[in-house]
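Read through the structure below, which is laid out as structure tokens, and then see the notes.
The values are calculated or read from the model by the stated rules, or taken from the named source; none is laboratory data. Keep in mind it's a predicted model, so treat the numbers as computed, not measured. Neighbour counts are summed over all protein chains in view; Cβ atoms, including those assigned to glycine, are modelled from backbone coordinates with ideal geometry. To get the accessible areas, we keep the full protein, side chains included, count just its heavy atoms, and leave off ligands, DNA and RNA. Shrake-Rupley method; radii C 1.70, N 1.55, O 1.52, S 1.80 Å.
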Amino acid sequence: NAGVMQNPRHLVRRRGQEARLRCSPMKGHSHVYWYRQLPEEGLKFMVYLQKENIIDESGMPKERFSAEFPKEGPSILRIQQVVRGDSAAYFCASSSPTGRDEQFFGPGTRLTVL
Amino acid sequence: GDSVTQMEGPVTLSEEAFLTINCTYTATGYPSLFWYVQYPGEGLQLLLKATKADDKGSNKGFEATYRKETTSFHLEKGSVQVSDSAVYFCALRGSSASKIIFGSGTRLSIRP
């Protein structure tokens with residue numbers, strides 16, 4: 001059973017460009033969570049999605065950040081007009097349909113903004 | 001709001017030493033508590049968990065006991081190995097929430 005997959009693993013963008021991060025949950029999991037890890041810090045919750053629905057986006061910055069989890073395909077975290085402060089590791093986790101089971105984490109996407 | 005405070009690192013120990021990483025939490029209700037481990041360049045792996053007071057989570061020689069009276073979930077291992085070198089995160093999930101709240105992490109280095 002393949003784990004949570006994220007791509008790309010490393011992403012380099014210049015200031016002002018867009019970054020798209022993808023997450024494919026574990027088979028059978030319909031709940032996805034995105035977390036951000038700034039250098040030398042813990043993970044901070046960003047958003048929780050189910051298929052076609054955003055359940056909790058209380059950790060998302062108000063501007064430039066958006067997330068979706070369409071009926072078909074991976075979940076996407078989109079960052080528009082990136083700034084240097086967006087440089088971080090972005091982790092995706094997934095859980096089973098009950099939503100309260102263990103969250104399984106992907107390997108992360110390390111975003112570097114030049 | 002809910003929060004997790006854990007011992008600051010880095011922590012450096014010799015192989016076979018005893019390990020304790022302190023973790024305390026603030027939460028309403030009855031949260032679930034976790035320890036995650038992050039090896040260099042990798043994502044997080046769940047190390048152990050406990051879902052109610054006095055539960056003891058254990059895995060790979062690591063243990064942690066859910067202490068509601070002291071709001072603590074300290075991680076312990078009797079004899080560490082070089083391969084235990086990693087960053088350890090204490091975390092909680094509130095009883096009415098799905099998101100996980102993480103501590104800031106403790107970097108552990110084990111000398112041969």
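What is the spin-label model distance, in nm, from B:T20 to B:K60 if the labels are put 7 Å beyond Cα along the C-beta direction?
2.3 nm
Over chain B, give the accessible area per residue in Å² for a 1.4 Å probe, as an integer.
In whole numbers, chain B has 46 Å² accessible per residue.
Using a 10 Å cut-off on Cβ to Cβ distances, tally the other chain neighbours for every residue of A:52-62 and report the average as a whole number.
Mean shielding count: 1.
Among rounded, prolate and oblate, which fits the protein assembly as shown when a ≥ b ≥ c are the square roots of the eigenvalues of its C-alpha gyration tensor, a/c under 1.5 means rounded, and a/b larger than b/c means prolate?
Because a/c hits 1.5 or more and a/b exceeds b/c, the protein assembly as shown counts as prolate.
Obtain the nm distance between the two label points defined at A:E41 and A:N53 by a simple spin-label model: each point lies 7 Å from its Cα along the Cα-to-C-beta direction.
It works out to 3.0 nm between the two label points.
For the range B:47-56, what does the Karplus curve 6.51 cos²θ - 1.76 cosθ + 1.60, with θ = phi - 60°, yield as ³J(HN,Hα) per residue in whole Hz, taken in order and with x for Gly and Pro?
8, 6, 8, 8, 10, 8, 3, 6, 5, 10
Give me the distance in nm between label points sitting 7 Å out from Cα along the Cα-to-Cβ direction at A:R22 and A:N7, one decimal.
It works out to 0.5 nm between the two label points.
If DNA, RNA and ligands are ignored and the probe is 1.4 Å, what is the ranking of B:L13, A:L43 by accessible area, most exposed first?
Result, largest first: B:L13, A:L43.
I need the shape label for chain B. Rule: rounded when a/c is under 1.5, else prolate if a/b > b/c, else oblate, with a, b, c from the alpha carbon gyration tensor.
prolate
Which value, in debye to the nearest 20, describes the size of the charge dipole of the range A:44-114 about its Cα centre when Lys and Arg Cβ atoms bear +1, Asp and Glu Cβ atoms bear -1, and nothing else is charged?
260 debye
Treat chain A as a sphere of radius equal to its Kirkwood radius over Cα pairs and apply Stokes-Einstein at 4 °C in a medium of 1.567 mPa s; give the translational diffusion coefficient in µm²/s, rounded to a whole number.
93 µm²/s
Please provide three numbers in whole Å: the alpha-carbon extents of the range B:13-55 along the principal axes, with the largest listed first.
Between the extreme Cα coordinates on each principal axis of the range B:13-55 lie 38, 25, 17 Å.
Taking only protein heavy atoms and a 1.4 Å probe, what accessible area per residue, in Å², does chain A have with all protein chains in place?
Heavy-atom SASA per residue in chain A reads 51 Å².
Report the relative contact order of chain B, percent, no decimals, based on alpha-carbon pairs under 8 angstrom and at least 6 residues apart.
Answer for chain B is 37 percent.
Using the charge dipole of chain A (Lys, Arg: +1 at Cβ; Asp, Glu: -1 at Cβ; taken about the Cα centre), state which of A:H29, A:S66, A:L114 has its Cα farthest towards the positive end.
A:L114
Leaving out ligands, DNA and RNA but keeping every protein chain, what accessible area does A:S58 have, in Å² rounded to the nearest 10, with a 1.4 Å probe?
Its accessible surface works out to 80 Å², give or take rounding.
Counting only the heavy atoms of the protein chains, how much of A:E18 is accessible to a 1.4 Å probe, in Å² to the nearest 10?
Surface accessible to solvent at A:E18 totals approximately 80 Å².
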